[in-house]
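These notes concern the structure reproduced below.
The values are calculated or read from the model by the stated rules, or taken from the named source; none is laboratory data. Everything numeric in this text was worked out from a predicted model, so none of it was measured. Neighbour counts are summed over all protein chains in view; Cβ atoms, including those assigned to glycine, are modelled from backbone coordinates with ideal geometry.
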Amino acid sequence: MDKLIELIQNHRSIRKFEEKLLSDEQIQTIVKSAQAASTSSYVQAYSIIGVKDKQKKEKLAGLAGGQDYVANNGHFFVFCADLYRHQLIAENYEQDSKEILQSTEKFMVAVIDATLAAQNAVLAAEAMGLGAVYIGGLRNQLADVCELLKTPNYVLPLFGVAVGYPAQSPDKKQRLPLQHVYHEDEYTQDKTAYYEQLKEYDKEIAAYYEKRTNGKRSDTWTGQMAGLLSRPTRMYMKDFVEGKGFNKK
């Protein structure tokens with residue numbers, strides 16, 4: 001198998017790192033790799049905030065729900081949707097572009113751009129023998145995160161990525177059946193087949209957790225998703241996003 005494909009398909013989240021910081025050269029390589037990702041219409045509607053300050057990392061760890069690997073890693077990156085520079089460009093050209101900047105389309109462009117950049121960054125880190133984990137918990141208390149990172153309007157922290165030297169080697173989690181993700185020509189809506197495939201997938205996931213925890217946990221993917229869908233989470237997000245200047249139109 002091609003080494004790049006092998007690297008991609010062997011991805012796993014690393015949540016425990018050695019006490020060793022990334023070098024400036026490593027950080028720059030990761031950021032330059034992120035910048036090499038595709039971007040809609042060359043808009044480049046994202047920014048990356050690297051957090052080195054230990055106290056800030058500890059505060060972010062608390063805001064993210066007490067995830068200690070947000071504080072203890074080689075480097076912490078925060079990926080942001082960013083239309084601030086585009087607002088400045090509009091002002092410099094004496095254009096009133098508020099309606100465009102606040103559109104749902106431009107919000108989607110910024111989120112997609114940031115996500116593509118982040119995936120490139122993680123691949124680059126893994127290619128250097130490092131590990132990484134995405135941190136969506138930053139969205140638990142976004143107002144405090146924005147205050148801590150001093151982000152202006154039109155800049156929205158989306159998620160973090162903790163990177164470092166792996167101090168663990170967890171088993172790889174099986175993904176959904178390919179048939180659930182890949183459709184040809186039209187969206188497949190055979191519920192009977194879906195339920196059967198999910199049943200088999202649940203068996204794989206249950207076996208994964210039983211092995212990982214020495215029988216202490218027996219869980220299924222559908223059970224996890226049902227639980228997730230029963231608990232309202234971050235329901236403040238629409239108002240907060242609009243308050244930062246995004247997704248108003």
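In this structure, is G65 at positive phi, surrounded by fewer than 22 Cβ atoms within 10 Å (Cβ to Cβ) and within 17 Å of the chain's Cα centre (by Cα)?
Yes: the conditions hold for G65.
Can you pull out the residues in segment 173-228 that are more than 21 Å from Q9 (Cα to Cα), in a helix (DSSP H, G or I) and aromatic (F, W, Y)?
Y194, Y195
So Y134 fits all but one of (1) assigned to a helix (DSSP H, G or I); (2) within 26 Å of E25 (Cα to Cα); what number is the exception?
Checking Y134 against (1) assigned to a helix (DSSP H, G or I); (2) within 26 Å of E25 (Cα to Cα), the one that fails is (1).
Scanning segment 16-31 for residues that are within 18 Å of the chain's Cα centre (by Cα) and surrounded by fewer than 18 Cβ atoms within 10 Å (Cβ to Cβ), which turns out farthest from I112 (Cα to Cα)?
Out of the qualifying residues, it is K16.
Where residues in segment 88-108 are buried (at least 20 other Cβ atoms within 10 Å of the Cβ) and in contact with a helix residue (DSSP H, G or I) (Cβ under 7 Å, 6 or more places away or on another chain), which of them is farthest from S40 (Cα to Cα)?
That would be L101.
Is it the case, given these coordinates, that A114 is in contact (Cβ under 8 Å) with a residue 60 or more places away in the chain, in the same structural domain as I27 (by TED's automatic domain parsing) and in contact with a helix residue (DSSP H, G or I) (Cβ under 8 Å, 6 or more places away or on another chain)?
The answer is no for A114.
Of the conditions (1) without any contact (Cβ under 8 Å) to a residue 12 or more places away in the chain; (2) not assigned by TED's automatic domain parsing to the domain that holds L88, D239 fails just one. Which one is it?
Against the list (1) without any contact (Cβ under 8 Å) to a residue 12 or more places away in the chain; (2) not assigned by TED's automatic domain parsing to the domain that holds L88, D239 comes up short only on (2).
Would you pick out the residues in segment 16-68 that are without any contact (Cβ under 8 Å) to a residue 60 or more places away in the chain, assigned to a helix (DSSP H, G or I) and of a type in the set (S, T, Y)?
Within segment 16-68, just Y42 meets the criteria.
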